[in-house]
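Structure, as structure tokens:
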Amino acid sequence: MHQNLKNATKSIPPQLLFFTNSLRSLSHSSSPLNPTLKPNKVTIFPLIFHHYCHSTTFPSYPLHQIPSFRLNDVVHSVKEWFQTQNYASLDRVFEILSNQDEVDEVALDQLGLRLTESVVLEILRYGNAKNDVLSCLKFFDWAGRLSGFHHTRATFHAIFKILSKAKLMPLMLDFLDNYMKFRFINHKLGYGFYPTLVMGYSVAGKPLVALQLFGRMRFQGIDLDDFTYHVLLNSLVEECCFDAVECIANQISIRGFTSHVTHSIVVKSFCKQRLLDEAEGYLRDLFVEGECGNGSAVGVLVDAFCREGLFEKAGQLVEEFRGLGVTPMEPAYDVWLRNLIQSGNVDLALGFLQHKKSLETYVPEVFQYNALLCRLLKENRLKEACDLLLEMMEGGISPDKITMNAALCFFCKAGMVDVALDLYNCKSEFGLSPTTMTCNYLINSLCGEGKVDEAYSVLKNCTDQGYIPGKRTFSILTHALCKEGKLDMMKELVDVALERNIIPSDSMFDKFISAMCRARRLEDGYLIHGKLNRMNRVATKSTYSNLIHGFNKINKGDVAARLLIEMQDKGHIATRTLFRAVIRSLCDMENPENQFFNLLEMQLSHHEPNCQIYNFFIDGAGHAKKPNLARETFEMMLRSGIKPNLSSDILMLQSYLKSEKISDAFNFFNDLCHRRTIGRKLCNTMVVGLCKGQKLDSALTYFKEMKGNEVVPSIECYEVLIQSLCSNKDYDTAIDLVKDFEKTGRHITSFIGNIFLLHSFKSDELYNAWLRSREEHDEGSSGLSILGQIIGAFSGRLRVSQEIDSLEDVIEQCFPLDLYTYNMLLRRLSMINIDYACELFDRICQNGYEPNQWTYDILVHGLFKHGRTEEARRWVDIMFRRGFDPTDRTKRLM
């Protein structure tokens, strides 16, 4: 057998030899950098593989020197290898068995199968490997009814093992019980009846029942054969019936049935009892007694030591018994190799395999190769995985389902997703059934390569075959589809998933619904949300927010209102901002009063009335500029016995001010003066609201009253008032306010500084006001003095330093810089020296700021103004890529 395996490469197809030789040249190229090397059919594949794997152990070869290459050759080579398994006839048998509930006997007869024990065992073994239990049962039943064939103990044992592996014990026990009743009723206690039952109950894990039947048949003078004796003995060991083990072992010995199988089971019995020294002594005694031993028994002992973590001892036993001449040792090698792989000792496993192959021509079974290959892939050791695939191909190892799936995973991990996809599309040619892991790898890799359509096609094909994608795969494909805007595919994907009872994650639903909302496909998003509800799944707060804002944008505030109530019923907390958005949308609809109070009524019916609820509605009405609705809500709160808090009063006052109902605001404020002590918050609200309502004189009056009452205005109050004064060009008062602001112990804020910078660009009146202030009064602080210098520089009255660091330092001594400040500084520099402006742009990025549309536009405008057109156009392209458009004033220069 080993000689055949050594010579197996002689039968490999030429196309397959190309693939193997190509891969081998990966590690043995003597001159990889030779510029005279001309890529040919033998060198193409390793070069491609090296390009994708980026492994430093592979020879480097520049791809631009390769005139042309096709991955089709690689695909064809692998297909040739996959097809060497030649399971077409067996696939046809199981295709017939799986097509209908009843066996199509005509179709099976047409296959011309000549059933023998070996043929039946081969078909059952193949079905067991495919985990197709139902088809195996159907075939077993059909074969038993076929004239000219009778099931043997071996075929019964095979079907029992299949049922046991599938954990279908009730079905097996029912079969045995019915078999027993049928034979008793007909009074036909044939020779094979009891042995079959003993074997069946043994495999089913019922050795005590098997022993009772054994006793009954011995009473009738019927005995077991050596095969069934060993099945019974093994079952007793598996179920830890050790007293009976010795008895049955004696019976086997008396009848002369002792064999290497007996020895293996006895060793297993010792190991089950954790009597490893006794098991080792038993094996050594066998050798002393002249038994050459067997590798299976050694393998059982080696496995037991490995389970105890005694790997060094296990390895010593393997080498010691090999030296004693135990043959064959392959079963022990297989066990040792399997344990090394499972324990993560991959390097030891690889070394052991190569050592035994070179000295003893040891060739593991395909499942051992598979275990090692899968472990290498798991650890991303692609070079070793590639070598192992080569070894299997050259050794004539026909790949099975696991091998083919591992090969596809290998190509995905190596970046050769096109090869993996081509093999997947040809899977029917060699009977490949992709596993969940393979599908996940393929879909993820395709998404990573930007091939979303192909990834979706693979997923759809896989789900038709019953594949259930992993959460990560679903998430990756969802993200890719949403990113590409392929919402119809996404919708179909969700529908397919729900039809197959695959429940996507909350984040996936959130991404999908959010994408639908961005695309203004609110109805589709709402339908998906409805399906989510019917599955008793609670959508995330983000999902609700996206839907609500989406329906607000298309003026369907009534739907948004229902969603707002629903999200609270589902346990989410709705923010004031969300209430405000919904109420503003309702107030833009027909009959806004009815819509508003319907929502308020629903809210109060679902939740205990409190001040916060009323405040949310007062706030929303105020922002919708419906002060009458805010006032009515305020009155409802009073009638319900809930006392308005300070926030209620502030929100009510703001609602009047936002709607420019100034007289109503005055009246309400005066009423408050009789109800409560007027503090800083109410005064600030009044001043800020009057400023925003263009009532500057009234705002100053209230501001002075506040100061007279020894109430310190807030920073916002100063900022908004200074902004309004500058807008009305009352720069003298604005500068006086800055002085007053500093007297409160505060430093000039970025907002105030930026307001002054902006107005200094417009004219030099602000600088003149500062000069007048300096002449009339002492500057009072270094901050105001520096601010004056900055105003003079930006208005053009003072020379600007050419050192950018100096400019930043000067401004920073006065107030903290923000992006708005940098934009103003950039604008000033672009008017003086565009090179310094470009340098400042770099410094903005280095300081951690993200340039906005104005930053780019200022720089582009300056470049055009200075005649640097080509450079300006390059920056325009960068703007577009960032999602920004130049302003109209800049477009006129373009």
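The values are calculated or read from the model by the stated rules, or taken from the named source; none is laboratory data. Small disclaimer: the values here were computed from a predicted structure and weren't measured. No Cβ is skipped: glycine too gets one built from the backbone with ideal geometry, and neighbour counts run over all protein chains shown. Only protein heavy atoms, including side chains, enter the accessible area calculation; ligands, DNA and RNA are left aside. Shrake-Rupley method; radii C 1.70, N 1.55, O 1.52, S 1.80 Å.
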Looking at the stretch 95-112 only, could you name the residues that are outside any helix (DSSP H, G or I), without any contact (Cβ under 8 Å) to a residue 24 or more places away in the chain and open to solvent by less than 60 Å² (accessible area, probe 1.4 Å)? D104, G112
Restricting to the stretch 464-485, count the residues that are open to solvent by 60 Å² or more (accessible area, probe 1.4 Å) and either charged (D, E, K, R) or not in a helix (DSSP H, G or I) (or both). 7
Tell me whether the stretch 823-836 contains one or more residues that are charged (D, E, K, R) and open to solvent by less than 40 Å² (accessible area, probe 1.4 Å). yes
What residue, of L690, L721, L725, L700, is open to solvent by 20 Å² or more (accessible area, probe 1.4 Å) and closer than 25 Å to S663 by Cβ? L700
Tell me, please, whether a residue that is touching a residue at least 24 places away in the same chain (Cβ under 8 Å) and over 34 Å from the mean Cα position of the chain (by Cα) can be found in the stretch 367-390. no
Which pairs turn up if I take residues in the stretch 547-561 that are more than 12 Å from R584 (Cβ to Cβ) and look for partners that are open to solvent by 20 Å² or more (accessible area, probe 1.4 Å) and not in a helix (DSSP H, G or I) with beta carbon separation below 8 Å, at least 6 apart in sequence or on another chain? G550/R520; I554/R520; D558/M589
Residue satisfying condition, being over 25 Å from R828 (Cα atoms), open to solvent by 20 Å² or more (accessible area, probe 1.4 Å) and touching a residue at least 12 places away in the same chain (Cβ under 8 Å), within set E765, E742: E742
Somewhere in the stretch 276-285, is a residue in a loop (DSSP other than H, G, I, E, B) and out of contact with any Leu (no Cβ under 8 Å at 6 or more places or on another chain)? no
Restricting attention to the stretch 102-142, the residues that are in contact with a Ser or Thr (Cβ under 8 Å, 6 or more places away or on another chain) and not polar (S, T, N, Q) number exactly 10
Out of I565, I554, sole residue that is farther than 17 Å from K491 by Cα, open to solvent by less than 30 Å² (accessible area, probe 1.4 Å) and β-branched (V, I, T): I565
Options G862, G883, G867: the member that is within 37 Å of the chain's Cα centre (by Cα), among the small types (G, A, S) and either surrounded by fewer than 13 Cβ atoms within 10 Å (Cβ to Cβ) or assigned to a helix (DSSP H, G or I) (or both): G883
Being crowded, with 17+ Cβ neighbours inside 10 Å, under 24 Å from V346 (Cβ atoms) and of a type in the set (D, E, K, R), is that true of even one residue in the stretch 315-323? yes
What are the residues in the stretch 704-728 that are under 57 Å from the mean Cα position of the chain (by Cα), among the hydrophobic types (A, V, I, L, M, F, W, C) and within 11 Å of C683 (Cα to Cα), if any? V711, V712, C717
Residue pairs within 8 Å by beta carbon, gap of at least six or interchain, first lying in the stretch 494-523 and open to solvent by 20 Å² or more (accessible area, probe 1.4 Å), second modelled with pLDDT of 75 or more and among the basic types (K, R), listed first then second, are V496/K460; L498/K531; I503/R537; D506/R537; R520/K553
In the stretch 433-462, which residues are over 17 Å from E484 (Cα atoms) and either in a loop (DSSP other than H, G, I, E, B) or among the small types (G, A, S) (or both)? S433, P434, T435
Residue list for the stretch 520-567, filter: in a loop (DSSP other than H, G, I, E, B) and either under 25 Å from E499 (Cα atoms) or not polar (S, T, N, Q) (or both): R520, R521, M535, N536, R537, V538, A539, T540, I554, K556
Scanning the stretch 277-293 residue by residue, those under 15 Å from P328 (Cα atoms) and either of a type in the set (S, T, Y) or buried (at least 23 other Cβ atoms within 10 Å of the Cβ) (or both) turn out to be L283
Output the residue which, of all residues in the stretch 579-593 that are open to solvent by less than 10 Å² (accessible area, probe 1.4 Å) and of a type in the set (A, V, I, L, M), is nearest to A519 (Cα to Cα). V582
Looking at the stretch 644-662 only, could you name the residues that are open to solvent by 70 Å² or more (accessible area, probe 1.4 Å) and in contact with a helix residue (DSSP H, G or I) (Cβ under 9 Å, 6 or more places away or on another chain)? K658, K661
Is it fair to say R125 is open to solvent by 40 Å² or more (accessible area, probe 1.4 Å) and closer than 14 Å to E105 by Cβ? no
Checked D223, D174 against criteria (modelled with pLDDT of 75 or more and open to solvent by 20 Å² or more (accessible area, probe 1.4 Å)); the one match is D223
Out of the stretch 686-721, which residues are of a type in the set (V, I, T), more than 14 Å from Q654 (Cβ to Cβ) and part of a helix (DSSP H, G or I)? T701, I715
Condition first: part of a helix (DSSP H, G or I) and without any contact (Cβ under 8 Å) to a residue 40 or more places away in the chain. Now tell me which residues in the stretch 745-762 satisfy that. F751, I755, F756, H759, S760, K762
Within the stretch 582-620, how many residues are among the acidic types (D, E) and closer than 19 Å to M567 by Cα? 2
Pairs where the first residue, in the stretch 144-169, is open to solvent by 50 Å² or more (accessible area, probe 1.4 Å) and the second is hydroxyl-bearing (S, T, Y), C-beta under 8 Å, 6+ apart: R153/T196; R153/T228
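Residue-wise test of (1) open to solvent by 30 Å² or more (accessible area, probe 1.4 Å); (2) of a type in the set (A, V, I, L, M, F, W, C).
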| position | (1), (2) |
| --- | --- |
| H230 | no, no |
| V237 | no, yes |
| C240 | yes, yes |
| D243 | yes, no |
| C247 | yes, yes |
| I252 | no, yes |
| R255 | yes, no |
| H263 | no, no |
| S269 | no, no |
Somewhere in the stretch 362-376, is a residue open to solvent by less than 40 Å² (accessible area, probe 1.4 Å) and charged (D, E, K, R)? no
I need a count of the residues in the stretch 593-619 that are of a type in the set (D, E, K, R) and closer than 15 Å to L578 by Cβ. 1
